[in-house]
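Written out below as structure tokens is the structure these notes cover.
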Amino acid sequence: MLTLRGRPEPRRGCSLTEVNAITDGAALIRDGIIVEVGPSRRLENLAEARLAVEIDASGRVVMPGFIDSHTHLAFPSSPDSQDEATRRVRACTGQRIEARTRTHLEAMARHGTTTVEAKTGCIGDESAESKLLRVLNALCGDPLDVVPSFFCRPPHDDAPATEWILAELLPKIHKRKIAPFADIACTGEGGLTPFYDHYLNAAHELGFACRVHADSPQPADAVDLAVRHAVAGIDHLEHASAEDARRIGEARLMTTLLPISSLPFGRALPPARALIDAGAGVSIATDFDPHHSPTLNMQTAIALACLYLGMTIEEAISAATINAAHAVGRATRIGSIEPGKLADIVVLNIADYRDLRNSFGTNVVHLTIKNGRVIYQEGEVASRLVPIERLSA
């Protein structure tokens, strides 16, 4: 059992390797909350454990559920442009978007994810933004927890749209309490710096936690912005330099790296090693997008972080669990197996957690447990001798 127990702050530097394993470990769960963790022999002797339903994970790895801290979960597929994608959101009913998004969440649950962050990004279209945020809030807890983020793509040379986002849209979203995070795409265009500053200042004043998208080939402005505003997170960083990593580390910022989305497009890889060595908080996520980056398996993100980002398996597991919990602002409730936290747990069909670094593109999940309830259980493969009528029944 990997508990990931530790200090309450994000794991940095050497502490990122601390997975705090218990050989032959056990957890006692009551009403969806972990009440005790320790060696199986000790927990079996507790009075409360004698009446408990037992889940036998012998020969398997037990660890916190994966937390996917950066996705575009509900945004529609569009091969054309963001404007076209926004039009599709407007034209589609909320029920259809919810049904499509639910299929992605169920697939994530089958791959061991228990909490997922999800961004909007409809270029300042209030109707489309509100629709996506309503859908994401309606889906929360069924089957996974969803953390919505209002994702702003800056309007170019459009002063009225800029003023409307700052004066009307952000306050409306905050008043409705439908997104705890305000995210901003920093494109590297210096002329937009005043808008970035105004946006983050307004979001901070309203009470949003703020994040910065830094996927531009010139991320220095995004790093400046993140450091200046002490944001809750800076994401992507594929083109970040060693100097950028140093500044992020000095500012003690939380970062989210996306090893999956870099590979298909031949993008540069984020400097994970430099960020860790500089003292930055590092998490990893899938960057799932139904069209551009359709891989939703956090096990793949862990394997690629080891194969291509130079992270150890312990660092990658910490980045996908407890540090990802910090990235979405929920580390007091999830991300580790310890008393008082939600029982978000995954049971893996491997005997050694280090095998995760080699499980590229596979699914080794046996059980996914959310709030103490099994939401996915590995099923048997049907025999070819079973009549098709029985399968369809």
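Among the residues of the stretch 259-274, the ones that are within 24 Å of residue 293 (Cα to Cα), touching a helix residue (DSSP H, G or I) at 6+ places or on another chain (Cβ under 6 Å) and assigned to a helix (DSSP H, G or I) come to 2 in all.
Grab the helices (runs of 4 or more DSSP H) fully contained in the stretch 283-393, keeping just those with 3 or more residues being among the aliphatic types (A, V, I, L, M) and surrounded by 14 or more Cβ atoms within 10 Å (Cβ to Cβ). Break it down into steps so the answer makes sense when it comes.
Values: elements: 298-308, 313-320, 322-327, 388-392.
In the stretch 283-393, 298-308, 313-320, 322-327 are the helices (runs of 4 or more DSSP H) which contain 3 or more residues that are among the aliphatic types (A, V, I, L, M) and surrounded by 14 or more Cβ atoms within 10 Å (Cβ to Cβ).
All of 368, 321 fail the test of being touching a Gly at 6+ places or on another chain (Cβ under 8 Å), within 23 Å of residue 141 (Cα to Cα) and assigned by TED's automatic domain parsing to the domain that holds residue 52, apart from 368.
In summary, residue 56 fulfils each of the numbered conditions (1) closer than 25 Å to residue 117 by Cα; (2) modelled with pLDDT of 95 or more with the single exception of condition (1). Going by the structure shown, is residue 233 among the small types (Gly, Ala, Ser) and loosely packed, with under 15 Cβ neighbours inside 10 Å? No, not satisfied. When only residues in the stretch 349-393 that are on the phi > 0 side of the Ramachandran plot and within 19 Å of the chain's Cα centre (by Cα) count, which is modelled with the lowest pLDDT? Per the stated criteria, the residue is 361.
Restrict the check to the stretch 142-158 and report whether at least one residue is part of a helix (DSSP H, G or I) and among the hydrophobic types (A, V, I, L, M, F, W, C). No, because not a single residue in the stretch 142-158 is part of a helix (DSSP H, G or I) and among the hydrophobic types (A, V, I, L, M, F, W, C). Of the listed requirements (1) at pLDDT 95 or above; (2) under 28 Å from residue 120 (Cα atoms), residue 289 misses just one: (1). Can you pull out every residue in the stretch 227-280 that is in contact with a strand residue (DSSP E or B) (Cβ under 6 Å, 6 or more places away or on another chain), of a type outside the set (A, V, I, L, M, F, W, C) and free of Cβ contacts under 8 Å to residues at least 24 places away in the same chain? Selection gives nothing.
Of the residues making up the stretch 9-30, at least one is touching a Ser or Thr at 6+ places or on another chain (Cβ under 9 Å), among the aliphatic types (A, V, I, L, M), more than 30 Å from residue 273 (Cβ to Cβ) and not assigned by TED's automatic domain parsing to the domain that holds residue 282.
Residue 268 passes every criterion in (1) surrounded by fewer than 23 Cβ atoms within 10 Å (Cβ to Cβ); (2) modelled with pLDDT of 95 or more; (3) among the aliphatic types (A, V, I, L, M) apart from (2).
Would you mind finding the one in 244, 221, 235 that is assigned to a helix (DSSP H, G or I), touching a Ser or Thr at 6+ places or on another chain (Cβ under 7 Å) and under 24 Å from residue 194 (Cα atoms)?
Going through 244, 221, 235 in turn, the sole match is 221.
No other residue among 276, 313, 284 is touching a Lys or Arg at 6+ places or on another chain (Cβ under 7 Å) and β-branched (Val, Ile, Thr) apart from 313. With respect to residue 197, determine if the residue is among the acidic types (Asp, Glu) and crowded, with 16+ Cβ neighbours inside 10 Å. So residue 197 fails the test. Scan 145, 125 and give me the residue that is among the charged types (D, E, K, R) and either at pLDDT below 95 or more than 14 Å from the chain's Cα centre (by Cα) (or both). Going through 145, 125 in turn, just one is among the charged types (D, E, K, R) and either at pLDDT below 95 or more than 14 Å from the chain's Cα centre (by Cα) (or both): 125.
In the stretch 1-44, of all residues being among the hydroxyl-bearing types (Ser, Thr, Tyr) and not in a helix (DSSP H, G or I), the one that is surrounded by the fewest Cβ atoms within 10 Å (Cβ to Cβ) corresponds to 23.
Every residue, every condition in (1) among the hydrophobic types (A, V, I, L, M, F, W, C); (2) within 14 Å of the chain's Cα centre (by Cα); (3) more than 23 Å from residue 104 (Cα to Cα), yes or no:
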{"residue": "218", "(1), (2), (3)": "no, no, yes"}
{"residue": "234", "(1), (2), (3)": "yes, yes, yes"}
{"residue": "238", "(1), (2), (3)": "no, no, yes"}
{"residue": "243", "(1), (2), (3)": "no, no, yes"}
{"residue": "255", "(1), (2), (3)": "no, yes, yes"}
{"residue": "277", "(1), (2), (3)": "no, no, yes"}
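When you scan the stretch 146-165, do you find a residue that is touching a strand residue (DSSP E or B) at 6+ places or on another chain (Cβ under 8 Å) and among the basic types (Lys, Arg), even just one? Yes: one or more hits.
The values are calculated or read from the model by the stated rules, or taken from the named source; none is laboratory data. These numbers come from a predicted model, not from an experiment. So basically every Cβ, Gly included, is an ideal-geometry build from the backbone, and we count neighbours across all protein chains shown.
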